[in-house]
Amino acid sequence: MFAGKRTSSTLPIPDNSSIKTPIRSIGFLHPSLRKLSLPLLSLPATRSFRSLSFSIRSPSPISILSQSLDRGMDGVESDKKLFTRLRLWEFPDRYVFENADGVADSYLSISRADGSMELIGDLPQCATGQSPKVRTVYGLIGVQRILVGSYLLVIAQRECVGSYLGHAIYKVSRLEILPCNLALKSTDAAKKKMETEFSMLLNAAEGTSGLYFSYDINLTLCAQRLHDLGDESKKLPLWRQADPRFLWNSYMLEPLIDNNLDPYLLPVIQGSFQNFQAAVRRDIINVTLIARRCTRRTGTRMWRRGADSDGYVANFVETEQIVQWNGFSASFVQVRGSIPLLWEQIVDLTYKPSFELVKAEEAPRVAERHFLDLSRKYGSVLAVDLVNKHGSEGRLGEKFANAMQNLGNDNIRYVQFDFHRICGHIHFERLSLLYEQIEEYLKNHGYFLLNEKGEKVKEQTGVVRTNCIDCLDRTNVTQSMVGRKMLESQLHQIRIFGADETIGSHPDFDASFKILWANHGDEISIQYSGTPALKGDFVRYGKRTVQGILNDGWNALARYYYNNFADGTKQDAMDLLQGHYIVSVNRDMAFPAQPKGLEAFASFRLAMVLVLAGLLFAFMSLRQARHDFRYLFFPFFWASLSLGLAAFVRANGRIFTNRPRLFRSRHWH
């Protein structure tokens, strides 16, 4: 069912497809994860979903979901219980993990020399006068192997942010890395240097945001998928039920899987989790919003654009909106993702770098592969393209539109909506024009609905896929509009709302719904761009505000800084954690992509200091020239030197930016 193996494989596609090219994912899955694909998510070969997921943050108090949903989802939790609290014993030569929730019949011992692990029956004895450090952690995310040592990622702090289908959901508040690299002391200098450079990338991983988990339920699957799980699948450990696309720690779990440590195998997703409760007359409504970020082409805003040759796109996020009331439960899923062509936007110190299409002749094939995969997972697909029709965005959008026209698949539709031309910067209410174009599709393909007995009344048979350039700001405004319309439809269906009632008829409900989507958009944006979403004031308040416009300006500047001077290192850390780059003794004993030539000495900070110093000397010389014209040469000299250096930096901007070193751009020279 799921694509994305470490070795080459062929993606299952409909019989009427002509694609025969082998597909290779940039993600890596443990062999055990590959085995779970087909039997777990077996759905009827109809228009219903083939696969769903995504995650979200919730600052609101815990909301306990309706009991009927629990009845409808009875048995989705695994029979193999996970340890919810671990006592960590730090001995000089090993880390020992003990189940802190009950009497431990065994302990997990991990060597601090090389990360090797085993189950032991008793705690090790300490030398006289020594005692180990003891503390509580809340889960073992996984193990990152480098060259000589290994590094454990543990949940040092957690926060309960709500519940999903009646089960507690936690957010990782603090991630901690425990080094198991004492063997470095006896290794040679070359390996030691390489290990040190890679381990420094892991320090960036400690700041990873938007990580969520549950000890009891599979967060990688949406409500419809969970409901349709087979009885045998429900008995499997959570990691074996997981959709590999959304399992953030898939690669890091491999050493634990190899050692059959099921009680320690905690699935983690990245995304967002938001929820709220609101009163509609005497009825209490629970609304939850979950986002699940795909790991296949994960990365930062400028260093992961478009698709790869397999059709996996950057910033692919699945958002599920769930409403519960008095036993009824309804779920609606939509997705976002970068334009599925081979294109890049390499930072070069300009505010808006140019778009570069790679292998334009491959565009139809890549787009077809992407949408066939979506169709296999979700059924019918409606692609809503929000990019500008003119300028550089327009040229990219035209290539996308042409590729869509060549698909020739009645199950896939394409709608182009020039968001900036129609809505401008303040008239977002004009999104109603877009809704008029897609309303019939939404009604035809519906949403997932359980009645008060937990019986399936309706299922969602198609998905709306929205994109702009970043798939952040315009996309979030649009998705919140679609989510609002579908929530109103669901509340009419279960007779909470009368015929003419809308969410706007209930001010408190309306305000909570706007905050729900605004927080969702901010968290997804921070993970991809480093800043909250732009245009968030409209989502949050229903109108543009002066403060919102000022915040957008500040966030735009912050994005410029992160894109040019920070995201390269962050991208390397992501690729290392996800297993997209595996450190091996078979590789050259040097950190990849070492700067050469002028690039090795290029420093934007130093260049700016020299430019400013030259201008300062020019100003000082000009003041002195007022008294002696013989000094007129010096102001011109210093000014010319400064301007010449500034022009050189501008012309060679790419070498002055912080670029990834593990992977080179497809267009880099």
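Measure off 7 Å from each Cα along the Cα-to-Cβ vector at residue 114 and residue 558, then give the distance between these two points in nanometres to one decimal.
4.5
Using unit Cβ charges (K, R positive; D, E negative) and no other charged atoms, how large, in debye to the nearest 20, is the dipole of segment 247-314 about its Cα centre?
Details: 9 positive and 6 negative charges, 115 e Å.
Computed about the Cα centre, the dipole is about 560 debye.
What's the local net charge at residue 502, with K and R +1, D and E -1, over the other residues with C-beta under 11 Å away?
Details: positive: 484, 485; negative: 488, 500, 501, 510.
So the surrounding residues net to -2.
Given points 7 Å out from each Cα along the Cα-Cβ axis, report the residue 359 to residue 173 separation in nanometres with one decimal.
Reported label-point gap for residue 359 and residue 173 is 4.7 nm.
With Cβ to Cβ distances under 9 Å as the rule, what net charge do the other residues near residue 517 carry (K, R +1; D, E -1)? Mind showing how you got there, number by number?
Values: positive: 484, 514, 540; negative: none.
Taking every other residue near residue 517 into account, the sum is +3.
Through the Karplus equation 6.51 cos²θ - 1.76 cosθ + 1.60, θ set to phi - 60°, convert the phi angles of segment 167-184 into ³J(HN,Hα) values in whole Hz; use x for Gly and Pro.
Per residue, the Karplus-derived 3J(HN,Hα) values read 10, 5, 10, 10, 10, 6, 7, 8, 9, 10, 10, 9, x, 10, 9, 4, 5, 4 Hz.
Fewest first, what order do 133, 359, 191 take by the number of other Cβ atoms within 10 Å?
Ascending Cβ contact count within 10 Å gives the list 133, 359, 191.
How many nm separate the modelled label positions at residue 411 and residue 440, each set 7 Å beyond the Cα in the direction of the Cβ?
2.1
Arrange 239, 303 by Cβ neighbour counts within 10 Å, fewest through most, would you?
Details: 239 27, 303 24.
With the fewest neighbours first, 239, 303 line up as 303, 239.
Per 10 Å bin, what is the whole-percent P(r) computed from every C-alpha pair distance within segment 123-256?
Histogram of Cα-Cα distances, whole percents per bin: 10, 32, 30, 19, 8, 1.
For segment 309-448, take N as its residue count and report Rg(C-alpha) divided by 2.2 N^0.38 Å.
So segment 309-448 has a normalised radius of gyration of 1.17.
Kindly flag which residue pairs out of 377/458; 352/514; 234/453; 234/514 have an alpha-carbon separation exceeding 26 Å in this structure.
Beyond 26 Å between Cα atoms: 352/514; 234/514.
By how many nm would the segment from residue 633 to residue 136 lengthen if fully extended, with 0.36 nm per residue of separation less the alpha-carbon distance? Show your work: numbers first, answer last.
Details: separation 497, 0.36 × 497 = 178.92 nm, distance 7.00 nm.
My answer for the length gained is 171.9 nm.
Two decimals is fine: what's Rg over Rh for segment 387-533, C-alpha atoms, Kirkwood radius as Rh?
With Rg and the Kirkwood Rh in hand, the quotient comes to 0.99.
Does a label point 7 Å from the Cα of residue 281, set along Cα-to-beta-carbon, have any residues of segment 479-499 with amide nitrogen under 20 Å, and which are they?
Inside the label zone: 487-499.
Could you put 176, 459 in order, starting from the residue whose Cβ has the fewest other Cβ atoms within 10 Å?
Sorted ascending by nearby Cβ count, the order is 176, 459.
As an exercise, use a Förster radius of 45 Å and the Cβ-Cβ distance of residue 626 and residue 648 to find the FRET efficiency, rounded to the nearest 0.05.
0.90
For segment 272-574, calculate the relative contact order in percent as a whole number, restricting contacts to Cα pairs under 8 Å that are 6 or more residues apart.
Relative contact order here is 19 percent.
If r is the Cβ-Cβ distance from residue 157 to residue 398 and R0 is 60 Å, what FRET efficiency results, to the nearest 0.05? Mind showing how you got there, number by number?
On the way: r = 49 Å, r/R0 = 0.81.
Working from the Cβ atoms, E equals 0.80.
Between residue 608 and residue 90, what FRET efficiency follows from the Cβ-Cβ distance if R0 is 51 Å, with the result rounded to 0.05?
0.70
Taking θ = phi - 60°, what integer Hz values does the Karplus form 6.51 cos²θ - 1.76 cosθ + 1.60 yield along segment 348-356, in sequence order, with x for Gly and Pro?
8, 6, 7, 5, 10, x, 6, 7, 10
With an 8 Å Cα cut-off and a minimum separation of 6 or more residues, compute the relative contact order for segment 456-529 in percent.
Dividing the mean separation by the residue count of segment 456-529 yields 30 percent.
Over segment 272-574, what number does the Rg to Rh ratio reach, with both radii from the alpha-carbon atoms and Rh per Kirkwood?
In segment 272-574, Rg relative to Rh is 0.96.
Read the figures in this text as sums done on the coordinates, not as results from a lab. On a predicted model such as this, the values are computed, not experimentally measured, just so you know. Please note: Cβ atoms are built from the backbone with ideal geometry, for glycine as well, and neighbour counts cover all protein chains shown.
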